[in-house]
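For reference, the structure discussed in these notes is given below.
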Amino acid sequence: MVDKLTVDFEPLGRRARVAQGANLLESARQAGVGLKAICGGSGSCGTCRVRIVAGEVSPPTEAEREMVGEGFRLACRTRVLSDVRVDVPLDSVTAPQRAQVEGQERQVELDPAMRSFDLALDAPGLTDLRADVTRLREALQQQHEVAVKRLDHAALCRLPSLARESEWHFRAVVKDEELIAVGPSGLSPLGLAVDIGTTKLAAYLIDLQSGEVLGATGTMNPQIAYGEDVMARIAYAMENEDQARELQRTLIGGLGDLARELCESIDRAPAEIVEAVLVGNTCMHHLAIGLPVASLGLAPYVPVLADSYDLKARKLGLKLAPGADIHFLPNVAGFVGADHVSMILTTGLHETDEVVVGLDIGTNTEICLAAKGRLLSCSTASGPAFEGAHIHDGMRAAPGAIERVRMMGEADVAQRIEYQTIGEASPVGICGSGVLDSVAELRRIGVLRENGAMRPQSHPRLRGSGGKTEFLLVPAGEQEAPNDVVITRKDVNEIQLAKGAIRAGTEVLLDEVGLEAEQIERVVVAGAFGTYLSVDSALAVGMFPPLPSERFVQVGNAAGMGAKLALLSRRCRETADEIARRVEYIELTTHPGFVENYMAALMLP
């Protein structure tokens, strides 16, 4: 029997002990190395590219050689046959991405579901033999007019020692007549609000007594190692129950890491977090709870659960206060989830008398039209290109990614190209906002035709021919760029597909209520990509209806802000339930007007 083999990932310094025959992508996950795997490990995307430095591995197929080139291998198609040392190129790693945690705030009256009360109890004695819980209940009723009818088992077990250590002066946390936790007097309980995005997690630590945000942070969704889009993760989870549980454990582990990071920043502990509110798309919601996702991957794409839902954090393995609750806001449909409801709640679309379009642009884009007292919503598959996936030199919004592009002069002049990279680092690739800018600029200066094709000899930086024409954005060596950064005809096509879906979804909703685009009074743009895109570039490529730019407002992470509202206000939770019931979901794949709108929206204005 062969002993476990060692896989050494350099220059990251991570190691994994694996069985002979394990593939390198699985080994990387075990070692905590985030390799890109846009296709989820099916071998079709070519993003998990690595180089074998030493050791024996399975031979490459001809298809793999053609995809990655000489000297490289696909991690998902390479099996370990001996101890192996692997070189991981920078562009194969899921580098830390700029996380969008900021968003437009909305003030609400502080009324959290979790309420805390300082108590002073009489100590037991020979003439007072009342049980500890009896003393607690009577003190809450007499001192705060609060009834407790149920007891969380973990809080009950903590009560005797805490009461005596504190000489019967302590704080009780109550939710809906249930004792959730007990702790030292004067110490405010903490709450955690999280937006679970397909690509990123954004978390907020909140003082539930004052409503103050004590910290906010973001990170990559660790599930990204199993596929960058929702369908890849659904397919992975559907293969067997162990893989579905693996996705859940990975996500919960990431949430636990965020909770620890936030608590450490203020010298508190996750055990002081008594409630969390989580929002995400319907797939992220189901994977977090541990619900089957097969119904989301197959027509007619219906969720298992749409209502708001509460359960104990310990049921999911999330280590907060022993009795802590998790509240999930409601979903609308298979591809319109709680994050969309949260966006509507934050932006007030449910209250407006105007004609307003709300877009939450991410890996998927959810669109809501508020008009004539109605809320209509749909979902479009737009995200891969906007996250830098399926783009020749694409990458997520990490240091070194080109995020802004401007082309000076006329098309037939060797003009100056200005660009900005994240972190002012040397350009190593281009993220979604940079690709959008590039397409808009190339169209403006006449390099691109209406159908997205590149005009031959229209610019000195064009090279190649036919479908393989590309535009040299940054030559290798410029600003210490390690490689050329180019925009290809296929890149333009990816943007056309993404922006076309968004525009077509918007037009379908307008058609449903009998309105024209010029009647839109305001467009609210939310989401991580929505925060950083140039509205002018989006208008130039036809992603948005041709409206004056002053009608557009970018609001940041509206879904995360909605999770905060639900953590701080019981009324906001009720409103979220009302919103989910009001939303009329429009399924674009079966809508008679979608294909026509979509084909028209593919063109560049």
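Table for the structure above
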read-out	value
Average silhouette area of segment 185-298, convex hull of alpha-carbon atoms, in square nanometres	7.1
Relative contact order of segment 127-264, pairs being alpha-carbon contacts under 8 Å that are 6 or more residues apart, as %	14
Segment 137-196: C-alpha gyration tensor shape, a/c 1.5 cut-off, then a/b vs b/c	prolate
Gain in span if fully extended, D176 to L110, counting 0.36 nm per residue against the direct Cα distance	22.1 nm
Normalised contact order of segment 507-593, rounded percent, pairs of Cα under 8 Å and 6 or more residues apart	30
Calculated FRET value between E10 and D128, using beta carbons and R₀ = 51 Å, to 0.05	0.15
Cα shape, segment 109-214, gyration tensor, a/c 1.5 rule	prolate
Global geometry of the chain, whether rounded, prolate or oblate, following the gyration tensor of its Cα atoms and the 1.5 cut on a/c	oblate
Taking only Cα atoms of segment 487-599, radius of gyration then Dmax in Å	16.4, 51
For T469, residues with placed amide H under 5 Å, excluding near neighbours	R489
Heavy-atom accessible area ranking, 1.4 Å probe, most first, across M114, M231	M231, M114
E351 paired with S465, simple spin-label distance in nm, labels 7 Å along Cα-to-beta-carbon	6.3
Relative contact order for segment 459-577, counting Cα pairs under 8 Å that sit 6 or more residues apart, in percent	17
Over the chain: helical MRE at 222 nm, DSSP H runs n ≥ 4 each giving -39500 (n - 2.57), nearest 500	-9000 deg cm²/dmol
Isolated Cys residues of the chain, judged by Cβ distance under 4.7 Å to other cysteines	C48, C76, C157, C263, C283, C368, C378, C431, C572
Accessible-area ranking of S342, S161, largest first, probe 1.4 Å	S161, S342
Segment 148-221: trypsin sites (Lys or Arg not before Pro) falling in loop per DSSP and having at most 10 other Cβ within 10 Å	K149
Interchain or long-range residues, amide H under 5 Å from G227's placed H	A37, G40
Between helix 489-513 and the chain: long-axis angle, C-alpha atoms, 0 to 90°, nearest 10	60
E70 versus D3: modelled label distance in nm, points set 7 Å from Cα along the beta carbon direction	3.8
Summed side-chain charge close to A139 - residues other than A139 whose Cβ falls under 12 Å, Lys, Arg +1, Asp, Glu -1	-1
Violating pairs (Cα-Cα greater than 20 angstrom) within the set K36/K564; K200/K564; K36/K200; K468/K490; K175/K312	K36/K564
Phi to ³J(HN,Hα) by Karplus 6.51 cos²θ - 1.76 cosθ + 1.60 over segment 317-326, Hz, x for Gly, Pro	x, 8, 8, 10, 4, x, x, 4, 9, 10
Exposure ranking of R444, R115 by accessible area [1.4 Å probe, largest first]	R444, R115
Portion, in percent, of the accessible area of the chain that falls on carbon or sulfur, probe 1.4 Å	50
For segment 162-252, alpha-carbon Rg relative to the globular expectation (2.2 N^0.38 Å, N residues)	1.56
Rough spin-label spacing in nm, given labels placed 7 Å along Cα→Cβ, for L187 and R245	3.4
Pairwise FRET efficiency - S210 versus A425, Cβ, R0 = 35 Å, nearest 0.05	0.35
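The values are calculated or read from the model by the stated rules, or taken from the named source; none is laboratory data. Source: prediction; values computed, not measured. A quick note on method: Cβ atoms are made from the backbone with ideal geometry, for glycine too, and the neighbour counts reach across all protein chains shown. Only protein heavy atoms, including side chains, enter the accessible area calculation; ligands, DNA and RNA are left aside. Shrake-Rupley method; radii C 1.70, N 1.55, O 1.52, S 1.80 Å.
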